[in-house]
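Each reported figure results from applying straightforward, stated rules to the coordinates on display, with no laboratory input. Given the structure is predicted, the values throughout are model-derived calculations rather than measurements. FYI the Cβ positions are ideal-geometry reconstructions off the backbone, even for glycines, and counts take in every protein chain you see.
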Number of protein chains: 2
Amino acid sequence: MENFVAYNPVRLHFGKDCLSGLTTVLPIYGKRVLFVYGQGSIKKTGLYDEIRTYLDAIDATVVEFPGIRPNPIVEDVDAAARVGRDNKVDVILAVGGGSVIDSAKIISIAIPVTHSAWDFYTKAAKPKSSIPLVSVLTLAATGTEMNPFAVLSNHKTGQKDGYGNPFCYPKESFLDPELTISVPRDYTAYGIADLIVHCFELYFGAGDASLTDRFITSITREAMEYGPQLLENLDSYDLRARIMYAATMALNGLTGYGKVSGDWAMHSIGHVLSLLFDTPHGASLTIATPAWMRFFKNQIPGKLSALGTELFRKPLTADETIDEIEHFFRSIGCPVRLSDIGIGDDQLDKIFNGFISNHVGGACMKIAETDYRKIIDLMK
Amino acid sequence: MENFVAYNPVRLHFGKDCLSGLTTVLPIYGKRVLFVYGQGSIKKTGLYDEIRTYLDAIDATVVEFPGIRPNPIVEDVDAAARVGRDNKVDVILAVGGGSVIDSAKIISIAIPVTHSAWDFYTKAAKPKSSIPLVSVLTLAATGTEMNPFAVLSNHKTGQKDGYGNPFCYPKESFLDPELTISVPRDYTAYGIADLIVHCFELYFGAGDASLTDRFITSITREAMEYGPQLLENLDSYDLRARIMYAATMALNGLTGYGKVSGDWAMHSIGHVLSLLFDTPHGASLTIATPAWMRFFKNQIPGKLSALGTELFRKPLTADETIDEIEHFFRSIGCPVRLSDIGIGDDQLDKIFNGFISNHVGGACMKIAETDYRKIIDLMK
C-alpha cells in the first residue's frame, strides 16, 4: 500500500425529499446566491420552482446563471464568474448534472480572481480561495457531487481536460434519487457506464491496495446488478437510489486510497470523442474502454482476469473479461464501436489529431503517439 | 435505502513515517498541547521520544496526562479534563489505541465544561464545543481514529457504554502501520476480531442498503484473508497496513450509510464481560458473536446464509455460516466460549446481573430480559 491522506469534507444529504434541507444549509454560507443551472430541463420538471420556493423562504438575493451546456466550456464558466463577482455572491447553488456542478466548481474558484478560469487548467494560476458551493444533483454518473474535480472544454485550443483542487469540493451536496427519475433511458445507461469506467480507471491504476480493489469491484457489481434492472424500471425510486449512491462512491476518494493513482487513459480517449463529435461522456467511455483493454491485454492479463473473475464470479481469462464487459455495455444500450455512433473511417485522422493535441494517455499504463493508430483501430 | 447524511471530517494521514506531519498539523490548532497516552508502552517502543521531538520542534507547551487504562474509566477522563482546563490547552494529542483515543474524545468535550464527563453518557448534558483532537494510533482495532464514538466504563454505576457526538471527531488522525508491529499476537488477533464484529453489527442492522453490505463483506473478507497471514508474520509492514486500513474503514460511517442503524447487541454483551472480568474488548466479542448468531438464527436464516455464502464464497446455511465464523475466530486464537477465558458456571449469575444493569440488547434485533439466560447458556 502507498502512503495516502484520506479526507473528504463534503456533507452529502441523500434521500427522498432531502432538498428541503436547503433552507437550513444555504444560510450558513450567506444569502446572496448565484443560482447556476443548465439548459432548462429543471424548469420542465418543476425542480426550478421548488428551488425558488426554498430560496424565497430564506429571503435570498438570487442571481441566476442558466444555460450551462453539456460538455461544458470555459467561456460559460468565465461569464458566470463575472456575474458572481459583480454581484458579490456569498454562495453558489448549482442544480444539475456533472456539467453544471463541474462548471460551478470552477466558477467558485474563478469568482475571486479576474483572469480566465482556463489559467487554472494550464497551471498558469493556482486558486487561493473559493466561494462556497452547494450542489443539487439531477443525474447519477460522474461523482462530481463528492469530489474536487471538474472537466472543461476549450474549443479555441481544441482541449478537454480535468482539473482538481481542494478548493473545488462542494461544501454540501443534495442527492434526491427521485430527481433522476426524469433522466431518459439512454442517459441513465451512460451514467451507469460512467460510474463503472471510473471504477476501472482506479482498478488499473498503479499500486497494490487490496481493500480499495474490493471497494472498486463492489461498486462495479452493484452497478452491473442494479443498472440493468433500473433500465427496465426507470421509475423505480429504489433502483435510482442504488445507482445514484454507487455513482457517488465510484469517485469520491474511496476507490483510490493506497494506490499511486488512477490511470485515466480511457477518459482521455473518451474526451477526444466528446470534444470532436459531442458524444455523451458515458457513451464515449464505452467505446474507449474495450479498445484500451484490448490494447493492454498482453501487458496485464492477470489483472484483467482477476477483475473478470471477481465481477462475474466465474473464472475468466483476460480476453473473456473484456468480452463480458463489452457485452454488458452493449446489453444496456451503450455504443462499443465508433460505427455504433455513426463515425466512419473518414473521421479517423481527425481522431488521431485529437489524440495528439490532447496528449492522450494514462498515468500508469503508458501510451505513445505511435500507439494511437492501433487504439483507434480497436475502436472501429 | 434509508435517507442518510454522509459526512466525515477526519483527515487521515496513513503510511510509513507519516508522523513527521505532526509538526505541520499541530500548530494549525495551537501550541498548548495536552499529551494523553496510556500505561507507558510508548516509552518502551521509543514512540514517546519521537513524539516529544516533534513537540519540541514546534516549541509546544506540553502538559502530559499519562496512564489511561485499557477499558477506560470516567474518573481518568474527568481528571484529564481538569488538567486540560487548568492549563488552557489549545489541542489534545492522543497517542495510543482505542482506550486512549476514546478517552481523549471525551476529554475534548469535557474540558470546556465543569461537570463530570459521565453526564454526557446519561444525557444529563450535551456538548456545545470541543478542544481539537489530533490522534496517533498504535493499535488496529476499534476504528475510533475516524469516528465520533467513545466507550467508557463507570465502575460506580456498573456500566460500560458508548457515546457519540459530532464534536468528538478527531480533526486529524495519524496511522503509521509500523507503530502496530509491536502489538503482540493475541492483541493483534483481538483487533482483527473487533473490526470483523463491527462489520457484523452493521450487517445485521435494519435497512436494505446493498452497496453498504458489499462494503461490509469486502472489509470482512480483507480481514479474514490478511488477518491470519499477519498472525504468522507479525513484523510485516504490508500486512499491518492492510489490517490497519480495514479496521478504520469498518467503523467510519461507510458501513452504515443507507441503513437504519447497526444492531450493537454483540458489543452490548461483550461490554458486560469486559466490565466484569476485564476481558479484552475483541476477545469479549468473539465469545458474544457466535452466541448472538445462534440465538437469532431462526429469525434471520437468509441473512446469515447470505453472509456466509459471500464471505466464504460457497453456499452455506445459517448454521454452517455460524460454524465457519466461530472456526475462524478460534483459528486466530480468540476465545469463543466463556470456558476459554476461565469463566465457569459459578459466574453466570453475575453475568446475568450485568446484562440487567447494562440493559443488554440491540437496536434492531430485540432481546428481552427473559432471553438473557438463553444467550448466556450459548456462551458457556
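A few points about this structure:
- Cα-Cα over 19 Å, subset of A:Lys31/A:Lys88; A:Lys171/B:Lys31; B:Lys303/B:Lys366: A:Lys171/B:Lys31
- Residue-count net charge about B:Thr321 - beta-carbon cut-off 12 Å; Lys, Arg +1, Asp, Glu -1: -2
- Antiparallel DSSP beta bridges within the protein assembly as shown, percent to nearest 5: 30
- Each principal axis of the Cα atoms in chain B has its own extent, and those three values, largest first, are 60, 44, 43 angstrom.
- Toward the positive end of the charge dipole of the range B:185-379, with +1 on the Cβ of Lys and Arg and -1 on the Cβ of Asp and Glu, the farthest Cα among B:Thr248, B:Phe329, B:Tyr203 is that of B:Tyr203.
- Counting charges near A:Ala60 (Lys, Arg +1; Asp, Glu -1) among other residues having Cβ under 13 Å from its Cβ returns a value of -1.
- Label geometry 7 Å along the beta-carbon vector: B:Arg337 inter-copy distances in nm: 6.6
- Debye intensity ratio in log₁₀ form over the Cα atoms of the range A:246-289, taken at each q of 0.18, 0.24, 0.29 Å⁻¹: -0.61, -0.85, -0.95
- When the convex hull of its Cα atoms is projected in every direction, mean area for the protein assembly as shown (nm²): 32.4
- Using a simple spin-label model with pseudo-atoms 7 Å out from Cα toward Cβ, B:Asp238 and A:Thr45 lie 4.7 nm apart.
- Under 11 Å from the B:Asn87 label point (7 Å along Cα→beta-carbon), backbone N, the range B:16-57: B:32-37
- Reference-scaled alpha-carbon Rg (2.2 N^0.38 Å with N residues) for the range B:11-180: 0.94
- 14 Å beta-carbon shell around A:Lys88, net charge (K/R +1, D/E -1): +2
- Per the Kirkwood formula applied to alpha carbons, the range A:234-326 shows a radius of gyration over Rh ratio, Rg over Rh, of 1.01.
- Rounded to the nearest 5, the antiparallel percentage of DSSP beta bridges internal to chain A is 20%.
- Cβ-Cβ FRET estimate between B:Lys31 and B:Lys128, R0 fixed at 25 Å, reported to 0.05: 0.55
- Point-charge dipole on Cβ atoms (K/R +1, D/E -1) for the protein assembly as shown, about Cα centre, debye to 20: 1100
- Copy-to-copy label separations for B:Asp78, where each label sits 7 Å from Cα toward Cβ, in nm and ascending: 6.6
- Each other copy places its own label point for A:Pro9 at 1.0 nm from this one, sorted shortest first, where the point lies 7 Å along the Cα-to-beta carbon line.
- Crossing angle, helix B:98-110 versus chain B [Cα axis fit, 0-90 degrees, rounded to tens]: 60
- Per residue of the protein assembly as shown, the DSSP helices (runs of n ≥ 4 H) give a summed -39500 (n - 2.57) that works out to -15000 deg cm²/dmol at 222 nm.
- Euclidean distance between Cα centres, the range B:58-100 to the range B:208-278, Å: 27
- Global form of the range B:104-171, assessed from the alpha-carbon gyration tensor, a/c cut-off 1.5: oblate
- With Cα atoms, 0 to 90° folded angle of helix A:210-232 axis to chain A main axis: 80
- Debye intensity ratio I(q)/I(0), log10, the range A:185-379, q values 0.09, 0.15 Å⁻¹ (C-alpha model): -0.30, -0.88
- Over the range A:281-380, the hull volume per residue, using the convex hull of the C-alpha atoms, is 102 Å³.
- In a DSSP loop and with at most 15 other Cβ atoms within 10 Å, the trypsin sites (Lys or Arg not before Pro) in the range A:296-333 are A:Arg313.
- Considering only Cα atoms, the convex hull volume of the range A:1-67 works out to 151 Å³ per residue.
- Between 0 and 90°, nearest 10: helix B:301-312 axis offset from chain B longest Cα axis: 60
- Modelled FRET efficiency - R0 45 Å, A:Asn298 with B:Arg330, Cβ distances, 0.05 increments: 0.50
- The lysines whose alpha-carbon is closer than 22 Å to the alpha-carbon of A:Lys156, local same-chain residues fewer than 8 away aside, are A:Lys105, A:Lys123, A:Lys126, A:Lys350.
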